[in-house]
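The block underneath contains the structure these notes are about, expressed in structure tokens.
Laboratory data are not the source of any read-out in this text; all were calculated from the coordinates shown. This one's a predicted model, so the numbers in the text were calculated from it and none came from an experiment. With ideal geometry, Cβ positions are generated from the backbone for all residues, glycine too; neighbour counts draw on all protein chains shown.
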């Protein structure tokens, strides 16, 4: 696992005898910024440029202290770190690395803006668009439970696997697009919709532990799968849930089935991903491993 992850990072690396911040200003997009170092255990490797909604995975010397956006990031025993870039992030993101020997590096990662078109979704139940007060309170309570489950940050390393599609099908809704439900503006789409027949098995895209499984008003059958280091997947509108909280699953295990429960106009899987409370684009995560 360690060699495979580091090899993937090196495949995108541009080596230059400059600091990481200088490399970020001079190298090409999607290359990697590399701080001075001569072997795999002393190098600092991060992408020079990422898109809005990206999951960023970097390499630092094991035992380093890494901070981003005021939060100390968890570092694996082999030196991998992860964090997410929000849909509306503007300008570069900063990462501070202090190696075990005390040498400090400041990494600047450019953020490429994306175009998020408007999607009009008609025919959804009216109470899910403009819920009455009692239902609005229920939705708020349920959302608080989901948000709490996403705050988990443990040392499992499923986040570093090469993610697979949970179901095969046409992408019917894209991450980040502005939604208009029955003519009423809603929030930006938080994940990727994949059209598939009701009952189609849903597989874990990477290994993890189930942190939430329940039937919610807006999202219907809902499962959250924690992949470690704050990275999680959520699967919505399920017709069946085959796991419960605390279950450990491996990549490819069936966790439920496609449905049309909650706010849905037809059977599909909504697959969302988060880094803690930051929503990230599952399609970018799939492309990173391709």
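Put a dot 7 Å past each Cα toward the Cβ at residue 287 and residue 153; how far apart are the dots in nm?
Here the modelled spin labels are 2.8 nm apart.
With an 8 Å cut-off on Cα pairs and a minimum separation of 6 or more residues, tell me the relative contact order of segment 166-290 in percent.
It rounds to 27 percent for segment 166-290.
Hey, what angle do you get for helix 2-11 against the long axis of the chain, alpha-carbon based, 0 to 90 degrees rounded to 10?
80 degrees
Taking Cα pairs under 8 Å and at least six residues apart, what relative contact order does the chain come out at, in percent?
Contact order relative to length: 16 percent.
Which whole number of Å³ per residue matches the convex hull of the alpha-carbon atoms in segment 118-288? Could you put the intermediate results ahead of the total?
Working: hull volume 17.1 nm³, N = 171.
Hull volume normalised by residue count: 100 Å³.
If one takes the longest principal axis of the Cα atoms in the chain, at what angle in degrees, from 0 to 90 and to the nearest 10, does the Cα axis of helix 133-150 lie?
It works out to around 30 degrees.
Return 88, 105 ranked ascending by Cβ neighbour count within 10 Å, so the fewest neighbours appear first.
Working: 88 12, 105 21.
Fewest to most other Cβ atoms nearby, the residues stand as 88, 105.
With runs of 4+ DSSP H residues as the only contributors, calculate the mean residue ellipticity of the chain at 222 nm using -39,500 (n - 2.57) per run, divided by the residue total and rounded to the nearest 500.
-4500 deg cm²/dmol
How far apart, in nanometres, would the label points at residue 144 and residue 180 be if each is projected 7 angstrom from Cα along the Cα-to-Cβ direction?
Calculated label separation equals 3.4 nm.
Using Cα pairs closer than 8 Å and at least 6 residues apart in sequence, work out the relative contact order for segment 44-183, in percent.
Values: 191 pairs, mean separation 33.8, N = 140.
So the answer I get is 24 percent.
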